[in-house]
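The values are calculated or read from the model by the stated rules, or taken from the named source; none is laboratory data. Computed from a prediction, not measured in an experiment: that's the story for all the values here. Positions of Cβ are backbone-derived with ideal geometry, glycine not excepted, and every protein chain shown enters the neighbour counts. Keep in mind that these areas ignore ligands, DNA and RNA; they rest on the heavy atoms of the full protein, side chains included. Shrake-Rupley method; radii C 1.70, N 1.55, O 1.52, S 1.80 Å.
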Amino acid sequence: MNAPLPADFATHEVSNQVPRLENWNLYAGDPALREAVARDGAGEADAWLLARGAELGSAEMIAQGEAANRVPPLLRLFDAGGRRRDEVEFHPAYHELMAYLKRHGASAGPWAEPGRGAHVRRAAFIMMYAQVDAGTMCPTTMTYAVVPSITRDPALAAEWLPRIYSRDYDPRFLPAGQKRGVTLGMGMTEKQGGSDVRANTTRAEPLGNREYRIVGHKWFFSAPMCDAFLILAQAPGGLSCFFLPRFTPDGGINGIRIQRLKDKLGDKSNASSEVEFAGARAWLVGEEGRGIPIILEMGTWCRLDCALGTAGLIRGAVAQAVHHAHHRAAFGRQLADQPLMRNVLADLALEAEAATALALRLARAFDSDADVSESLLRRLLTPAAKYWICKRGPGVGAEAMEVLGGNGYVEDGPLARIYRQMPLNSIWEGSGNVMCLDVLRAIGRDARCVDALAAELAPAFGRNAAFDAFASRLTGDLARPALAEGESRRLTQRIALAVQGALLVRFAPEPVAEAFCASRLAGSDFSGGAFGNLPGNVDLAAIIARARPA
Ligand SMILES: Cc1cc2nc3c(=O)[nH]c(=O)nc-3n(C[C@H](O)[C@H](O)[C@H](O)COP(=O)(O)OP(=O)(O)OC[C@H]3O[C@@H](n4cnc5c(N)ncnc54)[C@H](O)[C@@H]3O)c2cc1C
């Protein structure tokens, strides 16, 4: 038994500390997301998403996300007898989370069970899941994104798609044929360059029958415990795409040598590695010399998830901030009642509204790819949305953290982890500048992208003068014959803001739309500076109430 405390033992009442935000429904409590799902074609998934929202907001799920990040993965290069294994060990919570994602179709649901709104439904799920853990999203996204590329190769598709589509997560380190389900990754980035993949030096020597021997390295190779990877390597006919399984067909461990795991700023639950290929066996996908378009198709689907993941993180950060401000008092009043804090909260909430609307609209374009206009819009909007949503993420993370004061900066709460995660989606799978150059490329290759954008903006005209002026200027500028590379960040930002504005003007409550247009579209180009600069006539109360987790 503990001895009683001495009478003069310093003790105190704990007061004014905020209850953890848990056991709430991430879907029911996010009207911006729920409304976007309905208008973007996945309204039939409402009950399904409500069930996921409750699970993802539960204390148990939040604890699993924390545990998977507190204990990072461990590289086990050798077995006890000194034989090479190249295995990565994860905390059990990581496996639980991966199983959850697989079970609910995050890695292949829309492919295995296609239908109206299938990608939007998954997109909403991903946005909520990102608030629990981002690291497990990495192999999940890559597995989802690889399907269109693999589908192009009938032999690969026949062998691998059933295992990719499986709802079973099977983490055992075994040949894929012995497993109930698989995950896939990708390897492009080398030491000498990631954005410019044409600089890849990894070599592929033909062995006959589309089989090659791969010698070289990859500098970033995430989720190395995946069962197979699409990689780029130089074949005799030029840079080509290869399918590289962890095990060779005879059941031996393939020559993928993990050198070390990256010591990253965030993304702690996920293993990202450096690897060397020591004569690994791989199979050509497509034709020699045509590797970039094939792997970029995978990259395009990853970019959608970058936008979705960061939109989810933004919503998570804003929910935490709004929740905190309603439970914490300073100078005799709740933070949420302090005029200046209300301005900050409402401004953050606008960012979550806009990111959610844009990310889900983008997902709809992926759902409706058979429609030419949607396909053109998707081509332009994918890099623009990835660029702008991911660029806004770190700023939102920092400001939301500051709403929590010192508690925001420590690892007891989620804000520190969200903040450290934020920059990654901006860097990965095409960094900011590369996205902006891709916007120019899209317009240069097919000017009908601009028509598709104009068609997307048209129904929003006539409701808000600031939007009308902003969108007219943009479409006018896009019609100019030569768009300057050095100004393509500004142009890309304006495209994303215009689509966000159009969506909010058409579909969001008036206070949200008015405040967004007044703060982001009116006057000279939005500088994206500090939050909390909304003009005085904005209905802060309505915006904050809508963003409050309930
Ligand atoms: C945690 C993590 C996981 C990753 N996982 C993987 C993975 O699984 N597989 C994989 O293949 N890669 C992976 N990557 C690598 C990532 O995709 C690259 O880091 C990224 O593409 C940038 O390449 P780089 O690092 O070589 O930078 P660089 O290509 O050197 O670019 C540096 C900067 O220059 C800019 N830049 C490049 N070209 C131009 C230009 N023409 N004009 C103006 N600016 C330009 C870029 O935007 C960037 O800001 C991962 C990265 C991280 C951080």
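Using a 1.4 angstrom probe on the protein heavy atoms only, could you order K191, K264 from most to least accessible area?
In descending accessible area the options line up as K191, K264.
Have a look at Y129, A547, G57 and report the one farthest towards the positive end of the charge dipole of the chain, computed about the Cα centre with Cβ charges (Lys/Arg +1, Asp/Glu -1).
Toward the positive end, the furthest listed residue is Y129.
Only Lys, Arg, Asp and Glu count, each charged at its Cβ (+1, +1, -1, -1), so figure out the dipole size of segment 48-116 about its Cα centre, rounded to 20 debye.
Value, rounded to 20: 200 debye.
So, taking all protein chains as they sit and a 1.4 Å probe, how much accessible area belongs to H95, in Å² rounded to tens?
Its heavy atoms expose roughly 50 Å² to the probe.
Calculate, in nm to one decimal, what N16 and R463 gain on full extension: separation in residues at 0.36 nm each, minus their alpha carbon distance.
156.6 nm
Could you work out how far the C-alpha centroid of segment 218-244 sits from that of segment 489-550, in angstrom?
Cα centroid to Cα centroid, the span is 42 Å.
Please enumerate, by chain and number, the aspartates and glutamates with C-alpha under 12 Å from the C-alpha of K264, excluding those fewer than 8 residues away in the same chain.
Qualifying aspartates and glutamates at Cα under 12 Å: none.
Which parts of segment 315-356 would a label at F526 reach, counting a residue when its backbone N lies under 12 Å from a point 7 Å out along Cα-to-Cβ?
Of the residues in segment 315-356, 347-356 have backbone N under 12 Å from the label point off F526.
Report, to two decimal places, the Cα Rg of segment 295-426 normalised by 2.2 N^0.38 Å (N = number of residues).
Ratio of Rg to 2.2 N^0.38 Å for segment 295-426: 1.20.
Using the charge dipole of segment 172-229 (Lys, Arg: +1 at Cβ; Asp, Glu: -1 at Cβ; taken about the Cα centre), state which of H217, A176, M186 has its Cα farthest towards the positive end.
Checking the options against the dipole of segment 172-229, the answer is A176.
Using a probe of 1.4 angstrom, how much of the accessible area of the chain is carbon and sulfur, in percent?
C and S atoms contribute 52 percent here.
Determine the equivalent ellipsoid of segment 400-550 by diagonalising the alpha-carbon gyration tensor, then write out the semi-axes as square roots of 5 times the eigenvalues, largest first, rounded to whole Å.
30, 23, 13
Round to a whole angstrom and tell me the spacing of the C-alpha centers of segment 385-454 and segment 1-80.
23
Binned at 5 Å from 0, what are the whole-percent values of the Cα-Cα distance distribution for segment 50-169, short to long?
Each 5 Å bin holds this share of Cα pairs: 2, 10, 18, 19, 17, 14, 10, 6, 2, 1, 0.
Per-residue ellipticity at 222 nm for the chain, helices alone: DSSP H runs ≥ 4 residues times -39500 (n - 2.57), over residue total, nearest 500 deg cm²/dmol?
Computed ellipticity for the chain at 222 nm equals -16000 deg cm²/dmol.
Distance in nm between label sites at A80 and A370, each 7 Å beyond Cα in the beta-carbon direction?
5.7
Kindly sort L340, L21 by accessible area of their heavy atoms, largest first, with the probe set to 1.4 Å.
Highest to lowest solvent-accessible surface, that is L340, L21.
Which Cα, out of A45, Y27, V71, lies furthest along the positive dipole direction of segment 1-109 (beta carbon charges, K/R +1, D/E -1)?
V71
At 7 Å along the Cα-to-beta-carbon direction for both F9 and D250, put a label point, then send me their distance in nm to one decimal.
6.9
Kirkwood Rh over Cα pairs of segment 248-341 into Stokes-Einstein at 20 °C, 1.002 mPa s: D in µm²/s?
115
Roughly how big is the chain's charge dipole about its Cα centre, with Cβ charges of +1 (Lys, Arg) and -1 (Asp, Glu), in debye to the nearest 20?
760
Per residue, how much space in cubic angstrom lies within the convex hull of the C-alpha atoms of the chain?
Residue-normalised Cα hull volume stands at 169 Å³.
What FRET efficiency do you get for A482 and D168 if R0 is 35 Å and r is their Cβ-Cβ distance, rounded to the nearest 0.05?
So the FRET efficiency works out to roughly 0.10.
In segment 414-470, what is the volume of the convex hull around the alpha carbon atoms, normalised per residue and reported in Å³?
146
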